[in-house]
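Chemist: Below is a structure I'd like to ask you about.
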Amino acid sequence: AQSVTQLGSHVSVSEGALVLLRCNYSSSVPPYLFWYVQYPNQGLQLLLKYTSAATLVKGINGFEAEFKKSETSFHLTKPSAHMSDAAEYFCAVTGGNTGFQKLVFGTGTRLLVSP
Amino acid sequence: DSGVTQTPKHLITATGQRVTLRCSPRSGDLSVYWYQQSLDQGLQFLIQYYNGEERAKGNILERFSAQQFPDLHSELNLSSLELGDSALYFCASSETPGQPSETQYFGPGTRLLVL
């Protein structure tokens, strides 16, 4: 079975500070990993995904994530937080060749950005 | 805007009732997925349809059922509703039956409140 663990249900940063949202995965097959963002009262939007092409993945809005197999991690970072980054962030995993893609989500991390 | 539409946006009903949630996938997408987001269970995969056929099942209760129609829109039917069914229900779509690396595009969700 696959799973992801997101450390920290809430992360607070100041505007302009580094954003680091942690995600560790567990998978018996090579994983594919995703970060989605959910703004208030909206659906989930894909930020970026790891599909084994490159370990450092760049996404939208200045976010990036690095796949580290040795640490089973896929942490999300952004060098400088903006007020508009305040949202809930979900890490998700899938994998295998089962012919269907079931996204397994973490519990989410709410990012709070203060002026 | 992901291109996935869901109706209604909000639904308030009473225990024991039955409701139908509707989803239209992005143009060209043949797969539809349903997810439930609740405070206690987080984001959970319920069921997937591909081109009208059920493809995969997740943590979907027997009181819940879904179908995908020839025009590819999908409906999620929830019956004998309980207070614990109150949640945000998301629909997502993708092109294929489920390549693990494929992006799923999420709709804005239907917020169900059972009183």
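The values are calculated or read from the model by the stated rules, or taken from the named source; none is laboratory data. Since the structure is predicted, the reported quantities are computational estimates derived from the model, not experimental observations. No Cβ is skipped: glycine too gets one built from the backbone with ideal geometry, and neighbour counts run over all protein chains shown. These accessible areas exclude ligands, DNA and RNA; they are computed on the full protein's heavy atoms, side chains included. Shrake-Rupley method; radii C 1.70, N 1.55, O 1.52, S 1.80 Å.
Chemist: Determine the residues within segment B:50-75 where the difference in accessible area between the chain on its own and the full set of protein chains amounts to at least 20 Å²; count protein heavy atoms only and use a 1.4 Å probe.
Modeler: At a threshold of 20 Å² (probe 1.4 Å), the residues of segment B:50-75 that become less exposed are B:R55, B:A56.
Chemist: Using the Karplus curve 6.51 cos²θ - 1.76 cosθ + 1.60 with θ = phi - 60°, work out ³J(HN,Hα) for each residue of segment A:35-45 in order, rounded to whole Hz, and write x for Gly and Pro.
Modeler: 10, 10, 10, 10, 7, x, 6, 10, x, 8, 10
Chemist: Using only the heavy atoms of the protein chains and a 1.4 Å probe, how would A:S70, B:S80, A:S27 rank by accessible area, largest first?
Modeler: On the way: A:S70 115, B:S80 65, A:S27 35 Å².
From most accessible down to least: A:S70, B:S80, A:S27.
Chemist: Across segment B:96-101, in residue order, what do the Karplus-derived ³J(HN,Hα) couplings come to in whole Hz, using 6.51 cos²θ - 1.76 cosθ + 1.60 with θ = phi - 60° and x for Gly and Pro?
Modeler: 9, x, x, 6, x, 8
Chemist: Please sort by residue number the GluC sites (Glu not before Pro) in segment B:21-115 whose DSSP state is loop and whose Cβ has at most 13 other Cβ atoms within 10 Å. Walk me through the numbers before you get to the answer.
Modeler: On the way: sites: B:E53, B:E54, B:E62, B:E75, B:E82, B:E95, B:E102; in loops: B:E62, B:E82, B:E95, B:E102.
Sites meeting the loop and neighbour criteria: B:E62, B:E82.
Chemist: For chain B, modelled as a GNM with alpha-carbon contacts under 10 angstrom, which of B:A87, B:A66, B:A14 fluctuates the most?
Modeler: Answer for the Gaussian network model of chain B: B:A14.
Chemist: Using alpha-carbon pairs under 8 Å, 6+ residues apart, how would you state the relative contact order of segment B:1-94 in percent?
Modeler: Once divided by the residue count of segment B:1-94, the mean separation gives 36 percent.
Chemist: How do B:Y33, A:Y25 stack up against each other in accessible area, from largest to smallest, with a 1.4 angstrom probe?
Modeler: Largest accessible area first, the residues go A:Y25, B:Y33.
Chemist: For the B and A pair, go ahead and give the buried accessible area with a 1.4 Å probe, both sides summed, in Å² to 100.
Modeler: The buried area between B and A, both sides summed, comes to about 1700 Å².
Chemist: Still on this structure, please answer the following. Check which residues have an amide H placed less than 5 Å from A:S12's amide H, if you skip close sequence neighbours.
Modeler: A:L112
Chemist: Run the Debye formula on the Cα coordinates of segment B:9-75, all scatterers equal and no solvent, and tell me log10 I(q)/I(0) at q = 0.11, 0.15, 0.21, 0.22 1/Å.
Modeler: Listed by q, the Debye log ratios stand at -0.28, -0.53, -0.98, -1.05.
Chemist: Just to make sure I understand: if all protein chains stay in place, what is the order of B:R63, B:R22 by accessible area at 1.4 Å, largest first?
Modeler: Per-residue accessible area, sorted high to low, gives B:R22, B:R63.
Chemist: Measuring with a 1.4 Å probe in the full set of protein chains, what accessible area per residue, in whole Å², belongs to segment A:1-51? Intermediate results must be reported in sequence, preceding the final value.
Modeler: Values: 2440 Å² over 51 residues.
Dividing the accessible area of segment A:1-51 by its residue count gives 48 Å².
Chemist: Which residue, B:G28, B:G52, B:G98, tops the fluctuation ranking in a GNM of chain B built on C-alpha contacts under 10 Å?
Modeler: In the Gaussian network model the winner is B:G28.
Chemist: Which residue, A:L76, A:L33, A:L44, has the most motion in a Gaussian network model of chain A that connects Cα atoms within less than 10 Å?
Modeler: Per the Cα network of chain A with a 10 Å cutoff, A:L44 tops the list.
Chemist: Per the 1.4 Å probe, what fraction of the accessible area of chain B, in percent, lies on carbon and sulfur atoms?
Modeler: 47 percent
Chemist: Based on the alpha-carbon set only, what is the convex hull volume of the protein assembly as shown divided per residue, in Å³?
Modeler: 119 Å³
Chemist: When all protein chains stay in place, what accessible area (Å², nearest 10, 1.4 Å probe) is found for A:H10?
Modeler: Probe radius 1.4 Å; accessible area of A:H10 about 110 Å².
Chemist: Please report the net charge: other residues with Cβ closer than 11 Å to the Cβ of A:A86, K and R +1, D and E -1. Spell out each step's value before the answer.
Modeler: Working: positive: A:R110; negative: A:E15, A:D85, A:E88.
Taking every Cβ under 11 Å from that of A:A86, the sum is -2.
Chemist: Can you list residues whose amide H is under 5 Å from B:T5's amide H, if they're 5+ apart or on another chain and H is modeled 1.01 Å from N?
Modeler: Those qualifying (amide H under 5 Å, at least 5 residues apart or on another chain) are B:S24.
Chemist: Also, I was wondering about something else. If amide H atoms are built 1.01 Å from N in the plane of the peptide, which residues on other chains or at least 5 residues away come under 5 Å of the amide H of A:F67?
Modeler: A:L56, A:V57
Chemist: So with the 1.4 Å probe, I'd like the accessible area per residue for chain B, rounded to whole Å².
Modeler: Heavy-atom accessible area per residue stands at 47 Å².
Chemist: Name the residues of segment A:23-63, by number, that are at least 10 Å² less accessible with every protein chain in place than in the isolated chain; the surface is that of heavy atoms, probe 1.4 Å, without ligands or nucleic acids.
Modeler: Those residues are A:Y32, A:F34, A:Y36, A:Q38, A:N41, A:Q42, A:G43, A:L44, A:L46, A:K49, A:T51.
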